[in-house]
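Chemist: Structure incoming, see below.
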Amino acid sequence: MGFLRRDEDNQIEQAGPGEFAPDAAPSSGEYQAGSLAGIPSSGRERIERMKREVGRGFFTSDLSVNEFLLVKQAGFEPLGLVLGSSIYHIGFQQAMWNQSQELGVLTQAMYHARELAMTRMEEEADQLGADGIVGVRLEIGRYDWGADLAEFIAVGTAVRHRGGELHRAPNGRPFASDLSGQDFATLLRAGYRPVGMVMGNCVYHVGRQGMLASLKQLGRNVEMPNYTQALYEARELAMERMQTEADGLESAGIVGARIVERSHGWGSHVIEFFAIGTAVVVTAESHEIEKPAMVLPLTG
């Protein structure tokens with residue numbers, strides 16, 4: 001199974017078997033400054049209302065009280081709650097029962113659906129004149145009216161620097177970060193700033209072991225090399241793709257990286273490994289790390 005991708009001259013070419021091309025998504029998934037494509041009329045009305053509210057100093061946020069105060073202390077003003085959504089039909093791909101392999105059709109579907117949701121969230125933030133989005137959450141919901149359907153939701157709080165300093169990503173998109181408000185403020189004080197959420201995924205079929213091999217291992221303490229190698233490779237693919245996205249943002253590294261494993265109802269031998277984190281760049285030559293302080297809660 002191959003994918004379409006763009007080469008250095010922006011020409012479409014065919015990717016080989018086992019390769020993954022996250023930029024193969026249709027133009028509807030590409031960020032366009034000022035675009036409202038994919039956002040319904042009710043969403044556009046909400047954005048226009050938020051613009052007027054921002055003008056009079058009113059905002060909506062899912063930040064906690066502590067996060068809100070620390071984000072303001074760091075020099076940023078919350079503008080409003082922004083979101084993106086995509087309900088996606090996830091296709092089917094067959095795999096041999098005893099063969100461990102990536103299911104490229106499912107990998108691409110899961111990546112593209114998340115990218116659509118995140119792009120629409122960023123375009124909403126762009127409409128508000130935001131520098132970026134903090135506290136981003138990526139969620140997947142399933143509904144009874146479609147076994148093969150899943151809703152991908154991206155939501156966070158759009159923020160803008162109070163002093164007018166531009167903090168967007170190098171590609172001009174509002175930055176997105178899944179760091180908490182506390183971590184965001186700490187990162188800025190230490191001489192770094194986020195430039196974007198980066199992700200990589202891999203949907204992998206873990207081949208079943210034959211009966212003869214299972215009988216040989218019966219009652220023994222022994223490693224299961226076929227399972228070990230399959231899960232190892234799937235995680236490596238997801239992490240490598242996340243790191244490739246960070247390189248594309250010219251970042252210094254990734255903080256808060258984690259790998260989430262879910263089957264999404266495909267069965268016990270099909271698993272998605274989803275790697276996600278926040279890419280950061282250096283803003284100051286000297287980094288002042290605050291000394292830890294002891295805090296004693298007064299609650300019981």
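Chemist: Does segment 230-243 contain any residue that is in a loop (DSSP other than H, G, I, E, B) and within 30 Å of Pro170 (Cα to Cα)?
Modeler: No, the conditions are met nowhere in segment 230-243.
Chemist: For the structure I just gave you, tell me whether Ala109 is assigned to a loop (DSSP other than H, G, I, E, B), among the hydrophobic types (A, V, I, L, M, F, W, C) and closer than 25 Å to His264 by Cβ.
Modeler: Criteria not met by Ala109.
Chemist: Okay, moving on. Give the residue that is farthest from Gly248 (Cα to Cα), with candidates limited to residues of segment 169-196 that are modelled with pLDDT under 90 and in contact with a Phe, Trp or Tyr (Cβ under 7 Å, 6 or more places away or on another chain).
Modeler: For segment 169-196, the residue satisfying everything is Arg173.
Chemist: Which of the residues that make up segment 40-58 are surrounded by 15 or more Cβ atoms within 10 Å (Cβ to Cβ) and touching a residue at least 40 places away in the same chain (Cβ under 8 Å)?
Modeler: Within segment 40-58, Gly43, Ile47, Met50, Val54 meet the criteria.
Chemist: Given the criteria closer than 19 Å to Val155 by Cβ, β-branched (Val, Ile, Thr) and modelled with pLDDT of 70 or more, does Ile39 qualify?
Modeler: yes
Chemist: With respect to Asp144, determine if the residue is acidic (Asp, Glu) and more than 20 Å from Gly265 (Cβ to Cβ).
Modeler: Spelling it out, it is not the case that Asp144 is acidic (Asp, Glu) and more than 20 Å from Gly265 (Cβ to Cβ).
Chemist: Looking only at segment 252-300, count how many residues are farther than 20 Å from Phe152 by Cα, touching a Leu at 6+ places or on another chain (Cβ under 9 Å) and in a loop (DSSP other than H, G, I, E, B).
Modeler: 1
Chemist: What number of residues in segment 248-279 are charged (D, E, K, R) and closer than 15 Å to Phe175 by Cα?
Modeler: 1
This table checks each residue for (1) surrounded by fewer than 14 Cβ atoms within 10 Å (Cβ to Cβ); (2) among the β-branched types (Val, Ile, Thr); (3) in contact with a Gly (Cβ under 8 Å, 6 or more places away or on another chain).
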| position | (1), (2), (3) |
| --- | --- |
| Arg173 | no, no, yes |
| Ser180 | no, no, yes |
| Val255 | no, yes, yes |
| Glu272 | no, no, no |
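Chemist: Assuming Phe58 fulfils every condition listed in (1) at pLDDT below 90; (2) assigned to a loop (DSSP other than H, G, I, E, B); (3) within 22 Å of Gly164 (Cβ to Cβ) apart from one, which condition is it?
Modeler: (1)
Chemist: For Ala169, are the conditions met, namely being among the small types (Gly, Ala, Ser), in contact (Cβ under 8 Å) with a residue 12 or more places away in the chain and in a strand (DSSP E or B)?
Modeler: Considered against the rule, which asks whether it is among the small types (Gly, Ala, Ser), in contact (Cβ under 8 Å) with a residue 12 or more places away in the chain and in a strand (DSSP E or B), Ala169 comes out as no.
The values are calculated or read from the model by the stated rules, or taken from the named source; none is laboratory data. Because the structure is predicted, anything quoted here is derived from the model rather than measured. Please note: Cβ atoms are built from the backbone with ideal geometry, for glycine as well, and neighbour counts cover all protein chains shown.
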